[in-house]
Amino acid sequence: MKKVLAICALLTVGLNYAQENLAQSTIKAVLTGNQAQVVQLAEAFAEDQYDWRPAEGVSSVGEALMHVAGANYYLASKMGFPPPEDVDMMSLGKITGKENIISALKKSNEFVLEKIMMVDNSELNEEVDFGFAKMNKMGGLLAIMEHNGEHKGQLIAYARSNGVVPPWSK
């Protein structure tokens, strides 16, 4: 009987935590799926396709992927989570090569997923100046999720233009 009570108590605490952080956990779940598909696309492109761009002055495949990585760090930093010490924001755009770009993207994805759950419910309405807009932290979390989704769409178009089929649609 004591074991059953202990299990019930743990489940109650866990459910309360999940409900208290419902926005963060929902955003994290959606973002996790988007990030996985962006990484799958990154892996599906051939090395020589990373320099492909649809037109002059438009981001290449590699540049678009590094833009996502940089934005993960930038948006999180505006919410009070500076990038790891070994990440130089000014040098992210200089990273080249498929393997290096995928590694940098994955690292930024892991970083931002961890930080989402560190935003306390009491902070969700705090105003933040992101440089391009002032919004609350909840808006910042949604911006991270939306930004990844926006560039997933861009990369799907890039892939299709290069004869690359998104792996999850095969």
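The values are calculated or read from the model by the stated rules, or taken from the named source; none is laboratory data. Computed from a predicted structure; not experimentally measured. For neighbour counting, all protein chains shown are included, and Cβ atoms are generated from backbone atoms with ideal geometry for every residue, glycine included. Only protein heavy atoms, including side chains, enter the accessible area calculation; ligands, DNA and RNA are left aside. Shrake-Rupley method; radii C 1.70, N 1.55, O 1.52, S 1.80 Å.
If you filter region 92-123 down to residues that are surrounded by fewer than 18 Cβ atoms within 10 Å (Cβ to Cβ) and of a type in the set (Lys, Arg), you find that the one that is modelled with the lowest pLDDT is Lys94. Going by the structure shown, is Gln24 open to solvent by less than 40 Å² (accessible area, probe 1.4 Å), at pLDDT 95 or above and more than 20 Å from the chain's Cα centre (by Cα)? No; evaluated as a whole, the condition is false for this residue. If you go through region 52-96 and keep only what is at positive phi and touching a strand residue (DSSP E or B) at 6+ places or on another chain (Cβ under 9 Å), you end up with just Gly80. Restricting region 158-170 to residues that are among the polar types (S, T, N, Q) and either closer than 16 Å to Gln40 by Cα or at pLDDT below 95 (or both), the residue that is surrounded by the most Cβ atoms within 10 Å (Cβ to Cβ) is Asn162. Residues considered: Asn125, Asn121, Asn109. Of these, the only one that is in contact (Cβ under 8 Å) with a residue 12 or more places away in the chain, in contact with an Asp or Glu (Cβ under 8 Å, 6 or more places away or on another chain) and not basic (Lys, Arg) is Asn121.
Screening region 86-129 for residues that are within 20 Å of Phe45 (Cα to Cα) and among the polar types (S, T, N, Q) and picking the one that is farthest from the chain's Cα centre (by Cα) gives Thr96.
Checking every residue in region 124-134 against the condition of being polar (S, T, N, Q) and surrounded by 12 or more Cβ atoms within 10 Å (Cβ to Cβ) gives zero matches. I'd like to know if region 145-157 contains one or more residues that are of a type in the set (Val, Ile, Thr), buried (at least 19 other Cβ atoms within 10 Å of the Cβ) and part of a helix (DSSP H, G or I). Among the residues of region 145-157, not one is of a type in the set (Val, Ile, Thr), buried (at least 19 other Cβ atoms within 10 Å of the Cβ) and part of a helix (DSSP H, G or I), which makes the answer no.
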